[in-house]
Amino acid sequence: MSAQLQMFLQQVTARTETQIAQSLEQHTAGAETLFAAMRYAALGPGKRLRPALVYACAQTLRGADFEPASCDAAAAALECIHAYSLVHDDLPAMDDDDLRRGRPTCHIEFDEASAILAGDALQTQAFELLLASSCAAELKLRLLAELAEASGARGMVAGQAIDLDSVDKTLDLAQLENMHRLKTGALIRASARIGALLGGADEGQLAAISRYAEAIGLAFQVQDDILDVTAETATLGKTQGADAARNKPTYVSLLGLDGAREKLLDLHRQALDALAQLPGDSSLLRQLADYIVERSH
């Protein structure tokens, strides 16, 4: 990772966590455990990739006129949605994981009911954050629509449902890609598109950003599948080999390790090709694409 990207991600993390922490400062009397579980899930260790895409896309299009504060609410909202999805994905009724980001999952640290409620509350917290943002009403409505569609039954939740239904089944490549375009890719795409809209993107720029995000969204999942086979639990921060243990279809199980790595490189090329259609300096987005395919956890 370059020094530029490392500094950028540190700044993104600081801004995003400050925004989320401030939004959770005032808790409801008697619901202290709920708020503690929400903070545990949303402010714990993490890559902050989705917030990073918001800031990077807006900065790419705004250039010298970019103001990070314009992205704070949206970045925090996307991280809240992502955190909620991880809390629910780890539950006994879902993937039944006891380790996430190198520490106990929310339902292990607290209890199952608290984790369910924390996930529910983080989901709605995301929309509260966006509604309270200072952007123009017309733009705010468009951002809310992007977030809602990506998060729900036509996006991430649909992908999770397909994933659960696919255990012990054989999927072809098109079916596997459809699942991951929804489960992982929809929120990544929404993050980039929301950042682009905050950056004043026209329809052509928004289309290029969307192609970029769709490629890195799939690339993220392909690399996850590769790491599930090749990395150690201590490095991953979650249980190594979990997908294979549950007999879940993956890019590695379908294409083999070498085939999955070839797929990863092809998606990386697609992402960089999409960036070539954008004006200005897209080096941050290029570096984020590099990071996604080269990461070790």
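Give me the one-decimal nm value for the distance between modelled label points at L265 and A161, 7 Å along each residue's Cα-to-Cβ direction.
3.8 nm
What FRET efficiency would be calculated for the residue pair A64, Q22, taking the C-beta separation as r and a Förster radius of 25 Å, to the nearest 0.05?
The formula returns an efficiency of 0.35 here.
Expected output is a single nm value to one decimal: the length gained when fully extending between A93 and A153, i.e. 0.36 nm times separation in residues minus the C-alpha distance. What is it?
Residue separation times 0.36 nm, minus the Cα-Cα distance, leaves 19.8 nm.
To make sure I understand, if each residue's beta carbon is the centre and we count other beta carbons within 10 Å, what order do T184, T230, T124, T60 fall in, fewest to most?
T124, T230, T184, T60
Counting other C-beta atoms within 10 Å, and keeping those with at most 11, which DSSP coil GluC sites (Glu not before Pro) do you find in region 17-85?
Qualifying residues, ordered by number: E25.
Per residue of the chain, what 222 nm ellipticity follows from adding -39500 (n - 2.57) for every DSSP H run with n ≥ 4, rounded to the nearest 500?
-23000 deg cm²/dmol
Report the relative contact order of region 41-116, percent, no decimals, based on alpha-carbon pairs under 8 angstrom and at least 6 residues apart.
Relative contact order of region 41-116: 28 percent.
Cut-off is 10 Å between beta-carbons; in what order do H107, H27 appear when sorted fewest neighbours first?
Lowest to highest Cβ neighbour count: H27, H107.
Student exercise: in the chain, how many lysine pairs 8 or more apart or on different chains have Cα atoms under 26 Å apart?
16
Report which label in (1) 18.6; (2) 19.3; (3) 20.3 holds the value of Kirkwood radius over Cα pairs in Å derived from the coordinates of this structure.
Correct label, based on the coordinates given: (2).
The numbers here are math on the coordinates, done by the rules we state, and not lab data. This one's a predicted model, so the numbers in the text were calculated from it and none came from an experiment. Counting neighbours? That spans all protein chains shown, and the Cβs are built from the backbone with ideal geometry, glycine included.
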